[in-house]
Ligand code: HEC
Ligand code: HEC
């Protein structure tokens, strides 16, 4: 937090009734950079600002000892997060005003979606499962999308607006819409010092909002913090397998349980039939690098809040956690399979404990609901 914003009244009416000494203190605060509340006497704060006040940055939850100053590629400030929150939930950013980021990134589902593949503007089908957005600004390796084609959250955010099967807009179209709303211009001034509208600023603000969607405090985190009773016996057994002979942590590693790297674990592989070569419909990382070793390789997903967001895998082909874990027993061998997969040792009787462990990764800290109103 750089501004003393939180705790201050946002409603002009409250301010006008304050005693003189408080008013003086308030003026000093305003001079000190607290622009969120506007100048005294400027009149009522717009309803959308009251509905979405500048708030202190969240306290990192247990097990996610993040420092906002170290968010990858984005400076996270309270004012910027507020602006990004509007933009993230604002369907006016799409060509026909029907699709926002939150259409496919639903807060209650750890900002993922309950469908194997996303549906965008005009009912068009995408080809991949919507990824979750939790702890997303604090990965071990900063790459985004299943194939890692974006190098930062901000770069990522520019994609969906112009993706013809997602929001179907143009960057010029987005800028026209946002610049046409004085409420937004005021918010951009507050954050960037002037109201120059650029797609990079829009993406930057969205990235700052995303950076505050944290997840921690799960049963696993509480167990790690010394609460032996936090995990059931079955989940604890699953944890032993996960970090032991299962070797799941060859890829699902660190506080986010992902190395942020690309691996072929056999998902989407169709073995040749009747002499017809099938293979991978979605080539994954290979389409970005053209490195033959990357065929069928996808970014290791975080496993935080994994139970909240079936179906699973880049193609949404795995309906539930039980099925996902079984994929590591019946591995789809293919020429590009990641060597680490040969070290995974699990058996059908490991499935229940592993699923119990995965269910113990549901955390808190990311919850949100759309703002009640938007800048006009
Ligand atoms: C029509 C559905 C849809 C919309 C709208 C949408 N997304 Fe996505 N999002 C997806 C899908 C599907 C993926 C995975 C795409 C891929 O890998 O090619 C994804 C991936 C992401 C990722 C990558 C996460 C990671 O760990 O790599 C982020 C972040 C993200 N979206 C944020 C946004 C933002 C911000 C917006 C709005 C500007 C948005 N999305 C709009 C469906 C959508
Ligand atoms: C070689 C690296 C690697 C190893 C080892 C590994 N995983 Fe994965 N995991 C991945 C990748 C990559 C994906 C995404 C695959 C895809 O969609 O093509 C994935 C996906 C998953 C998913 C689905 C998550 C989602 O959001 O869709 C679950 C659950 C999972 N893994 C659990 C496990 C368990 C349990 C183990 C150990 C038995 C394990 N993984 C071992 C790399 C690995």
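The values are calculated or read from the model by the stated rules, or taken from the named source; none is laboratory data. Remember, it's a predicted structure, so these values are computed and weren't measured experimentally. We place every Cβ from the backbone using ideal geometry, glycine too, and count neighbours over all the protein chains shown.
Given 126, 148, 173, 122, which one is farther than 30 Å from residue 61 by Cβ and in contact with a strand residue (DSSP E or B) (Cβ under 9 Å, 6 or more places away or on another chain)?
Matching residue, one of 126, 148, 173, 122: 126.
Residue-by-condition table, conditions (1) in a loop (DSSP other than H, G, I, E, B); (2) within 11 Å of ligand 1 (Cβ to nearest atom):
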{"position": "56", "(1), (2)": "yes, no"}
{"position": "60", "(1), (2)": "yes, no"}
{"position": "65", "(1), (2)": "yes, no"}
{"position": "74", "(1), (2)": "yes, no"}
{"position": "81", "(1), (2)": "no, no"}
{"position": "85", "(1), (2)": "no, no"}
{"position": "99", "(1), (2)": "yes, yes"}
{"position": "102", "(1), (2)": "no, yes"}
{"position": "117", "(1), (2)": "yes, yes"}
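Considering each residue of segment 348-367, count those that are surrounded by fewer than 21 Cβ atoms within 10 Å (Cβ to Cβ) and either on the phi > 0 side of the Ramachandran plot or modelled with pLDDT under 95 (or both), and give that number.
Number satisfying all stated conditions: 0.
All but one of (1) free of Cβ contacts under 8 Å to residues at least 24 places away in the same chain; (2) not assigned by TED's automatic domain parsing to the domain that holds residue 224 hold for residue 371, so report the exception by its number.
Only one criterion in (1) free of Cβ contacts under 8 Å to residues at least 24 places away in the same chain; (2) not assigned by TED's automatic domain parsing to the domain that holds residue 224 is unmet by residue 371, namely (1).
Six or more apart or on different chains, Cβ under 6 Å: which pairs go from a residue in segment 310-329 that's more than 20 Å from residue 235 (Cα to Cα) to one that's more than 8 Å from ligand 2 (Cβ to nearest atom) and at pLDDT 95 or above? Could you list them?
311/116; 311/319; 314/128; 316/116; 316/117
Please note which helices (runs of 4 or more DSSP H) are completely contained in segment 132-221 and include at least 1 residues that are at pLDDT 95 or above and more than 11 Å from ligand 1 (Cβ to nearest atom).
Passing ranges, in order: 171-179, 182-192, 199-211.
Inside segment 238-286, can you point out the residues that are within 16 Å of ligand 1 (Cβ to nearest atom) and either assigned by TED's automatic domain parsing to the domain that holds residue 131 or in a helix (DSSP H, G or I) (or both)?
286
If we keep just the residues of segment 102-136 that are under 24 Å from residue 208 (Cβ atoms) and surrounded by fewer than 20 Cβ atoms within 10 Å (Cβ to Cβ), which is farthest from ligand 2 (Cβ to nearest atom)?
Filtering segment 102-136 for residues that are under 24 Å from residue 208 (Cβ atoms) and surrounded by fewer than 20 Cβ atoms within 10 Å (Cβ to Cβ), the one farthest from ligand 2 (Cβ to nearest atom) comes out as 102.
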